[in-house]
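The values are calculated or read from the model by the stated rules, or taken from the named source; none is laboratory data. What you see is a predicted model, and the numbers here were worked out from it, not measured in a lab. Here the Cβ is made from the backbone with ideal geometry for all residues, glycine too, and neighbour counts use every protein chain on show. Each accessible area value is taken on the protein alone, full model and side chains, heavy atoms only, with ligands, DNA and RNA left out. Shrake-Rupley method; radii C 1.70, N 1.55, O 1.52, S 1.80 Å.
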Amino acid sequence: MAVVRHAQLSRGGVVAVVEICVVAALYYGSARAGLLQQLVRGQVTPLWPPSGIAVAALLLRGRRVWPGIAVGAFLVNVSLGPSIPAVLAITAGNTLAPVCSYALLCRTGFRNELDRLRDALALIFLGAFAGMLISATTGSGTLVLAGGLRAEDFWPAWSVWWTGDAMGVLVVTPVLLVLSSARRPKEVPPLRWVEALLLLAATAGVGVVEAGPTPLLFLGFPLLIWAAFRFQLAGAAPCALAVSTFAIVTAARRSGPFSGHDLLTDMITLQAFNGSASLTALLVAAVISERNETQREIAQACGQLAGMVARIATGDHPPMLLEGVGEQDGQGGPADATRPSSHPMSGRPPTGHEARGDDRT
């Protein structure tokens with residue numbers, strides 16, 4: 001037994017190390033991709049995918065993968081930070097924020113399926129908005145103290161940092177949760193595949209229009225509602241990610257509705273749009289999932305009730321208790337079926353007083 005237990009512990013340790021390395025690699029790679037759209041000091045972006053990857057990794061694999069988040073954050077910031085102490089402080093904030101988000105979600109009974117309205121609200125307000133306050137405050141304050149930012153630039157940097165981390169949780173985490181539970185669809189009607197392809201083509205077309213000079217960001221909302229109603233979270237989450245990505249590219253180019261404004265105004269416009277898109281996708285998908293589950297439960301209850309009524313109408317119901325007693329006695333007659341066999345005097349013939357019904361003592 002000791003050898004088996006040792007082997008299991010060793011195998012578990014190897015798996016944990018592999019998971020930590022994978023999380024660190026994904027964090028670093030997604031951070032490099034996010035920095036392509038940086039807006040403040042080369043390291044603050046309107047969408048920070050690593051925050052979404054970190055929260056998803058904690059939800060899927062547990063608290064044991066937090067060292068991977070710390071390693072990935074350190075590798076990203078070591079080439080960006082003004083000094084090693086500042087890098088360590090930013091790394092601590094980037095690690096502590098998703099861990100706190102994970103703890104808050106666990107306290108609310110969060111389910112990775114995101115099929116309840118309470119789960120969507122918890123991810124929005126606790127996982128994204130509340131948890132990411134830590135990383136934004138720690139990172140922006142560290143840059144100001146280290147001389148990387150001027151004091152008057154704290155709030156613009158903080159707003160971009162916080163909304164970027166929050167948007168990473170809102171648009172990246174749901175996609176990863178969907179992918180983790182994705183299965184090959186079976187017996188899907190051909191029209192369903194055609195509808196999915198049309199949704200994909202429409203999303204790409206709206207993305208091209210969004211990136212143009214005409215301010216047409218609002219065209220993404222009908223697609224989000226369509227995806228949420230017809231495909232629930234599996235369609236709404238990728239659609240929200242695509243729409244937000246197109247909007248971020250447009251903001252980085254300072255075109256369309258983002259031309260001719262200062263950084264703070266552009267960030268307010270961009271993150272208001274991204275937040276509205278994510279909220280619409282998650283909330284509508286959760287409400288539709290709850291409705292579908294309620295309909296399934298009602299249909300199941302109606303089916304059970306109809307079966308019970310059919311059995312009662314045809315007389316196909318379990319025998320009564322007294323009939324079963326007569327059968328156990330081996331008599332089977334109607335008189336035996338109604339005889340109280342459990343009476344304490346039933347094992348002997350009645351006496352004279354009992355036969356006459358005499359009540360005298």
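For segment 78-222, how big is Rg over Rh, using alpha carbon atoms and the Kirkwood form of Rh? Intermediate results must be reported in sequence, preceding the final value.
Numbers: Rg = 19.7 Å, Rh = 18.2 Å.
A ratio of 1.08.
Could you calculate the FRET efficiency of E297 with S180 from 1/(1 + (r/R0)^6), where r is the beta carbon distance between them and R0 is 22 Å, rounded to 0.05? The partial results should precede the final answer.
Numbers: r = 25 Å, r/R0 = 1.15.
That gives a FRET efficiency of 0.30.
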Report summary line: Cα-based Rg and Dmax for segment 158-292, in Å, come out at 15.5, 52
Query raised in the report: At E152 and I84, where each label point lies 7 Å from the Cα along Cα→Cβ, what is the point-to-point distance in nanometres?
Result: 3.5 nm
Query raised in the report: What distance in nm separates the simple spin-label points at C106 and L145, each placed 7 Å from Cα in the Cβ direction?
Result: 2.8 nm
**Report entry** Sum of side-chain charges, R254 neighbourhood, beta-carbon under 12 Å (Lys, Arg +1; Asp, Glu -1)
**Finding:** -1
Query raised in the report: Kirkwood hydrodynamic radius for segment 73-133: how many Å is it when counted over pairs of different Cα atoms?
Result: 12.7 Å
Query raised in the report: Leaving out ligands, DNA and RNA but keeping every protein chain, what accessible area does M267 have, in Å² rounded to the nearest 10, with a 1.4 Å probe?
Result: 10 Å²
Query - Residue-span extension gain [A310 to A201] - 0.36 nm each, minus C-alpha spacing - result: 34.3 nm
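Working out 0.36 nm times the residue gap between V287 and A211, then minus their Cα-Cα distance, what length gain in nm do you get to one decimal? If you can, show how the numbers build up before the last one.
On the way: separation 76, 0.36 × 76 = 27.36 nm, distance 3.07 nm.
The span from V287 to A211 would gain 24.3 nm if fully extended.
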